[in-house]
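Remarks on the structure that follows.
The values are calculated or read from the model by the stated rules, or taken from the named source; none is laboratory data. Everything numeric here is computed off the predicted structure, so don't read it as measured data. Cβ: placed from backbone, ideal geometry, glycine included. Neighbour counts: every protein chain shown. Keep in mind that these areas ignore ligands, DNA and RNA; they rest on the heavy atoms of the full protein, side chains included. Shrake-Rupley method; radii C 1.70, N 1.55, O 1.52, S 1.80 Å.
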Amino acid sequence: MFDELSQLGRDLTDQTAFAGPSGDFSTGLKQAIGFREFGPYLAAKSASTSGEDLELLRRQGIEDMKLSTRRYAKRQIAWIRNKLLPECNGTLTKSVKARPYVLDATDLNTWDSLVKAQGVDIARQFIDDEQHLPDATTISEIAAKLLADAKEKPNSVLAWKRFHCPICSKTSEEARDGVAYEVWLNGQDEYNQHLQSRQHRKNRTYRKRLAERDSNYLGNAKGSSESENDD
């Protein structure tokens, strides 16, 4: 790893990248985790620093890299929970469904059996018969735990129920551009917020007026018909 770091450092033409904490690690390769954390170490090494000082910088770089990796993993998990899973859940009522699966990559020694083989098997089942894919919670113990825990949490995206709002949905005749669309909300919280939104209240008032107008029209039409019959 450190041989690769040294080679990458030599390949960079912008030596200001190694200007310690104030260096620019915001673009290109220099922003990669596992490189920017060793800026002070590479700068000291290029300055022919050796001994205990260089070793301290190396160890600090390793700790910084671990910390950055954990932070990045948390951001990935947050993105999966807040972005990916809602999109997958949004397809469950459609003809083409996206189902998330969790594979256990904790032990690299079991990668071939628990990740590679299971991943290929799921892909083949998807190709052969999409309607009979295995339950995602049965793939591994970690999948069962993660998905079960998520389903037990009321605000979890895996436990979200999708709500349809007929008041804000519009037919092609109602839409200004002539294109019909439906309004769906993910989860009780989002649905409650939608019900309190200004646009929903506006649409509710509009539909109430339409209903009253139609009711008055039918009432007047019925009255006119009765009058004609009396004559």
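Of note:
- Highest average packing first - 177-188, 40-51, Cβ atoms within 10 Å: 40-51, 177-188
- In the complete set of protein chains, residue-level accessible area for residue 36 is approximately 80 Å², probe 1.4 angstrom.
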